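**Student:** One structure, pasted below without further comment.
The values are calculated or read from the model by the stated rules, or taken from the named source; none is laboratory data. All values reported here derive from a predicted model rather than from experimental measurement. Please note: Cβ atoms are built from the backbone with ideal geometry, for glycine as well, and neighbour counts cover all protein chains shown.
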Amino acid sequence: MRIAIVNDVQIAVAALKATVLSIPGCSVAWIAKNGKQAVEQCVRDLPDLVLMDLLMPVMDGVEATRQIMAQARCAVLVVTGTVDGNAGKVFEAMGHGALDAVCTPGFTRDGRITGAEALIAKIRHVAELIPGGVLPPALSIRRAKQAPLVGIGVSTGGPMTLVRLFSDVPTNLQVTMVAVQHIDARFSRGLVQWLNDQIGWPVDAAERGMEPEAGRIYLAVSDDHLVMTAEGRFDYCREPADYPYRPSVDVFFHSLAAHGKNDGVGVLLTGMGNDGAKGLLAMRQAGWKTVAQDKETSMIYGMPRAAAELGAAAEILPLPQIAEYLTGLFPR
């Protein structure tokens with residue numbers, strides 16, 4: 001499905017392009033900066049769908065929609081900063097033939113796209129109305145839901161601890177590993193890149209809406225709390241807003257206990273405080289295997305000790321043996 005983007009704001013174009021390219025079977029046909037360019041482009045190169053902004057110089061989205069429907073009869077979806085705030089123009093555009101309207105996705109300060117899900121749902125709905133426009137199922141290769149997941153929590157001394165752990169786990173092990181490290185969001189993506197440079201495993205940022213894949217490592221990259229949804233995708237939540245640990249291992253572990261398959265492992269590594277202990281206990285009670293690092297190999301024996309005292313860890317192991325434990329559990 002070839003989708004055209006009509007918007008004069010560069011950051012909005014970037015968000016729209018990233019969203020379109022995330023949909024299997026979709027590509028960007030062309031990009032126009034105003035309605036006049038959009039009409040001309042539609043006549044020259046008719047796309048399957050136009051994502052039409054409303055407020056633009058030269059020619060606005062309402063008039064562009066009218067002319068496109070008169071000259072090219074292409075499907076138009078209004079994508080605007082606020083549907084409610086531009087309700088009058090939305091209705092005018094729909095009166096000229098636009099099929100629907102949705103708010104423009106945007107970026108958070110740490111580079112995540114917000115609001116993409118609503119746009120993707122609208123595009124998929126429009127595709128069903130276009131002859132031959134049915135798209136492949138979303139993320140049809142669902143390796144992450146078939147592969148066991150290893151959830152890891154770590155704080156003080158974490159970066160080098162993660163390097164030692166990941167370096168000792170064979171890269172052909174059929175697991176997904178997800179780590180929550182206490183770190184400011186400004187530095188988290190740098191940590192992702194640094195880990196990629198240090199180990200053989202591919203390391204990715206855990207992005208909202210992403211379904212993790214087997215054979216990869218993911219790292220929380222927000223000051224909000226990473227969670228796993230019931231659909232097996234990453235998300236972030238603000239609450240508990242007053243929690244001192246951000247992102248919180250406890251919040252992530254509790255989400256795994258509630259929504260994840262229980263054929264995986266929870267691992268709590270070195271760190272100050274007690275974050276992760278209650279979440280690890282919830283995982284153990286839900287049927288997950290649970291491990292805490294021992295005192296001798298921990299830089300700070302705080303979080304693992306709290307887990308041991310709660311009875312949350314079925315295994316208490318030195319760091320090198322944790323990799324051996326994981327290697328013995330899962331197939332290659």
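**Student:** Of all residues being of a type in the set (Asp, Glu) and assigned to a helix (DSSP H, G or I) in segment 284-332, which is farthest from the chain's Cα centre (by Cα)? Just the residue, please. Steps first, please.
**Tutor:** Of all residues in segment 284-332, those of a type in the set (Asp, Glu) come to 294, 296, 309, 315, 324.
Now drop any that are not assigned to a helix (DSSP H, G or I), which leaves 309, 324.
On the way: Glu309: 34, Glu324: 30 Å.
In this case the residue turns out to be Glu309.
**Student:** Testing Gly273 on (1) in contact (Cβ under 8 Å) with a residue 40 or more places away in the chain; (2) not in a loop (DSSP other than H, G, I, E, B), one condition comes back false. Which one is that?
**Tutor:** Against the list (1) in contact (Cβ under 8 Å) with a residue 40 or more places away in the chain; (2) not in a loop (DSSP other than H, G, I, E, B), Gly273 comes up short only on (2).
**Student:** If you don't mind, there's one more thing I want to ask. Can you give me the ranges of the strands (runs of 3 or more DSSP E) entirely in segment 6-111 with at least 3 residues that are crowded, with 20+ Cβ neighbours inside 10 Å?
**Tutor:** Values: elements: 27-32, 49-52, 75-80, 100-103.
Strands (runs of 3 or more DSSP E) meeting the threshold: 49-52, 75-80.
**Student:** Looking only at segment 185-232, count every residue that is assigned to a helix (DSSP H, G or I) and in contact (Cβ under 8 Å) with a residue 40 or more places away in the chain and tell me the total.
**Tutor:** Our first condition is that a residue be assigned to a helix (DSSP H, G or I); within segment 185-232, this holds for 185-198.
Cutting the leftovers down to in contact (Cβ under 8 Å) with a residue 40 or more places away in the chain gives us 185-186, 188-189.
Residues that pass the stated criteria total 4.
**Student:** Also: Could you check, for segment 87-100, whether at least one of its residues is touching a Phe, Trp or Tyr at 6+ places or on another chain (Cβ under 9 Å) and in contact (Cβ under 8 Å) with a residue 12 or more places away in the chain?
**Tutor:** If we filter segment 87-100 for residues that are touching a Phe, Trp or Tyr at 6+ places or on another chain (Cβ under 9 Å), which is where we start, we get none.
Looking through segment 87-100, none of the residues is touching a Phe, Trp or Tyr at 6+ places or on another chain (Cβ under 9 Å) and in contact (Cβ under 8 Å) with a residue 12 or more places away in the chain.
**Student:** Now for a separate question. What single numbered condition from (1) buried (at least 18 other Cβ atoms within 10 Å of the Cβ); (2) farther than 12 Å from Pro159 by Cβ fails to hold for Asp184?
**Tutor:** In the conditions (1) buried (at least 18 other Cβ atoms within 10 Å of the Cβ); (2) farther than 12 Å from Pro159 by Cβ, Asp184 misses (1) alone.
**Student:** Here is a further query. Quick check on Asp294: is it touching a Lys or Arg at 6+ places or on another chain (Cβ under 7 Å), in the same structural domain as Pro320 (by TED's automatic domain parsing) and either modelled with pLDDT of 90 or more or of a type in the set (Phe, Trp, Tyr) (or both)?
**Tutor:** Judged against the criteria, Asp294 is not a match.
**Student:** Select from segment 283-298 the residues that are touching a strand residue (DSSP E or B) at 6+ places or on another chain (Cβ under 9 Å), under 23 Å from Val251 (Cβ atoms) and not hydroxyl-bearing (Ser, Thr, Tyr) and list them in ascending order.
**Tutor:** Correct list: Met283, Arg284, Trp288, Lys289, Val291, Ala292, Gln293.
**Student:** Sticking with this structure for a sec: Only one residue in Leu256, Leu280 is within 13 Å of Ala179 (Cβ to Cβ), part of a helix (DSSP H, G or I) and either hydrophobic (A, V, I, L, M, F, W, C) or within 23 Å of the chain's Cα centre (by Cα) (or both). Which one?
**Tutor:** Leu256
**Student:** Continuing with the same structure: Is it the case that Val180 is in contact (Cβ under 8 Å) with a residue 60 or more places away in the chain, more than 19 Å from the chain's Cα centre (by Cα) and outside any loop (DSSP other than H, G, I, E, B)?
**Tutor:** no
**Student:** Right, here's the next one. With the requirement that a residue be touching an Asp or Glu at 6+ places or on another chain (Cβ under 8 Å) and within 19 Å of Tyr243 (Cα to Cα), what does segment 256-303 give you?
**Tutor:** Asp275, Gly276, Ala277, Lys278, Gly279, Met303
**Student:** Of the residues Leu46, Leu77, Leu119, Leu135, which is at pLDDT below 90 and outside the structural domain of Gly266 (by TED's automatic domain parsing)?
**Tutor:** Numbers: Leu46 fails: at pLDDT below 90; Leu77 fails: at pLDDT below 90; Leu119 fails: at pLDDT below 90.
Only one candidate qualifies: Leu135.
**Student:** Hey, another quick one. Is at least one residue of segment 263-275 at pLDDT below 95, in contact with a Phe, Trp or Tyr (Cβ under 6 Å, 6 or more places away or on another chain) and among the acidic types (Asp, Glu)?
**Tutor:** Yes - at least one qualifying residue is present in segment 263-275.
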